[in-house]
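**Q** Dropping the structure in here first, questions after.
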Amino acid sequence: MKTKAFKILSRVLLVLVVFSIAGYQFLRADTVMLSFSYGYLLPADSGYKEVYGNSVQTPEFKLGFRVFRDFYLYGTFFSVSKSGLTPELNEPAHSKQQFFGGGVGFSPYLNRFIKAFLGAGVAMATYEETAMDIKVSGNKMGFLVEAGVYFKEKFLILGLNGSYCTASDTYEDVNFKIGGTRASVLLGFIF
């Protein structure tokens, strides 16, 4: 199952590279956008919230290549890891989620210093949860949408980002969601 996830991710990265090379003649300044953001994930699954709380801190890395005018192809990675206690029994539990994704972004200038970002794409969600000596893991394909407003000075960008990234899976006839809504502060570079 993990090999399938890595095949999909490698195909997404290959498409990013091919489109960036093919679209090279349309490129101008602001060709590459590299950013790091840190914020909170508000989980989409109510069972997850019950064990781990209503928010989880998460870092994210994003790399985008401008292919035409204000359009970017980008890849993203973020990870969530948290420990908690099971309801009623108060047994230790630990959850880890990782998201590898990519998509198309639109990032126009609103004025000389302010840039907007709207993006949509797909994400491979890998999860692992351990509770009461039971380990559940897997990976599922999901979707992501995001928006942000960035202040740009020369090659530096600083801004706020909001996104929703989720996938769904089933364990013993119980449906659950992976991921959720994220809000973060972003620091990056644009070349």
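**Q** With the checklist (1) more than 23 Å from LYS4 (Cβ to Cβ); (2) of a type in the set (S, T, N, Q); (3) within 23 Å of the chain's Cα centre (by Cα) in hand, flag the one item GLN97 doesn't pass.
**A** (1)
**Q** Taking the options TYR72, TYR48, TYR52, name whichever one is in contact (Cβ under 8 Å) with a residue 60 or more places away in the chain and of a type outside the set (Lys, Arg). Talk me through it step by step, then tell me what you get.
**A** Values: TYR72 fails: in contact (Cβ under 8 Å) with a residue 60 or more places away in the chain; TYR52 fails: in contact (Cβ under 8 Å) with a residue 60 or more places away in the chain.
After ruling out the rest, the residue left standing is TYR48.
**Q** Let me ask something additional. Yes or no: region 83-93 includes at least one residue that is touching a strand residue (DSSP E or B) at 6+ places or on another chain (Cβ under 7 Å), closer than 18 Å to LYS49 by Cβ, in contact (Cβ under 8 Å) with a residue 12 or more places away in the chain and not in a strand (DSSP E or B). It would help to see each step written out before you state the result.
**A** Of the residues in region 83-93, the ones touching a strand residue (DSSP E or B) at 6+ places or on another chain (Cβ under 7 Å) are 83-86, 91-93.
Of the ones still in play, those that are also closer than 18 Å to LYS49 by Cβ are 83-86, 91-93.
Within this subset, residues satisfying the condition of being in contact (Cβ under 8 Å) with a residue 12 or more places away in the chain are 83-86, 91-93.
Then keep just the ones that are not in a strand (DSSP E or B); that gives 86, 91.
Yes, the conditions are met somewhere in region 83-93.
**Q** Give region 133-170 a look and list any residue that's in contact with a strand residue (DSSP E or B) (Cβ under 6 Å, 6 or more places away or on another chain) and basic (Lys, Arg), or say none.
**A** Answer for region 133-170, where residues must be in contact with a strand residue (DSSP E or B) (Cβ under 6 Å, 6 or more places away or on another chain) and basic (Lys, Arg): LYS140, LYS152.
This table checks each residue for (1) on the phi > 0 side of the Ramachandran plot; (2) within 12 Å of the chain's Cα centre (by Cα).
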position: ALA120; (1), (2): no, yes
position: ASN139; (1), (2): no, no
position: PHE143; (1), (2): no, yes
position: LYS152; (1), (2): no, no
position: ALA167; (1), (2): no, yes
position: ASP173; (1), (2): yes, no
position: THR181; (1), (2): no, yes
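**Q** Say we look at region 10-42 and pick out the residues that are at pLDDT below 90 and among the aromatic types (Phe, Trp, Tyr); which of these is surrounded by the most Cβ atoms within 10 Å (Cβ to Cβ)?
**A** Ranking the candidates gives PHE19 first.
**Q** Quick one: would you say LYS96 is under 21 Å from TYR38 (Cβ atoms), surrounded by fewer than 21 Cβ atoms within 10 Å (Cβ to Cβ) and in contact with a strand residue (DSSP E or B) (Cβ under 8 Å, 6 or more places away or on another chain)? First the steps, then the outcome.
**A** On the way: under 21 Å from TYR38 (Cβ atoms): yes; surrounded by fewer than 21 Cβ atoms within 10 Å (Cβ to Cβ): yes; in contact with a strand residue (DSSP E or B) (Cβ under 8 Å, 6 or more places away or on another chain): yes.
When the stated conditions are applied, LYS96 passes them.
**Q** Please tell me if VAL136 is under 25 Å from LYS4 (Cα atoms) and among the hydrophobic types (A, V, I, L, M, F, W, C).
**A** Values: under 25 Å from LYS4 (Cα atoms): yes; among the hydrophobic types (A, V, I, L, M, F, W, C): yes.
Against the criterion (under 25 Å from LYS4 (Cα atoms) and among the hydrophobic types (A, V, I, L, M, F, W, C)), VAL136 qualifies.
**Q** Out of the residues in region 43-80 meeting the condition of being surrounded by 14 or more Cβ atoms within 10 Å (Cβ to Cβ) and small (Gly, Ala, Ser), tell me which one is nearest to LEU187 (Cα to Cα).
**A** Here is the first cut: in region 43-80, the ones surrounded by 14 or more Cβ atoms within 10 Å (Cβ to Cβ) are 43-45, 48-52, 55-56, 58, 60-67, 70-80.
Still in the running and small (Gly, Ala, Ser): 44, 55, 64, 75, 79.
On the way: ALA44: 26, SER55: 21, GLY64: 14, GLY75: 16, SER79: 17 Å.
Ranking the candidates gives GLY64 first.
The values are calculated or read from the model by the stated rules, or taken from the named source; none is laboratory data. Note that the structure is a prediction, hence the values are computed from the model and not measured. Neighbour counts are summed over all protein chains in view; Cβ atoms, including those assigned to glycine, are modelled from backbone coordinates with ideal geometry.
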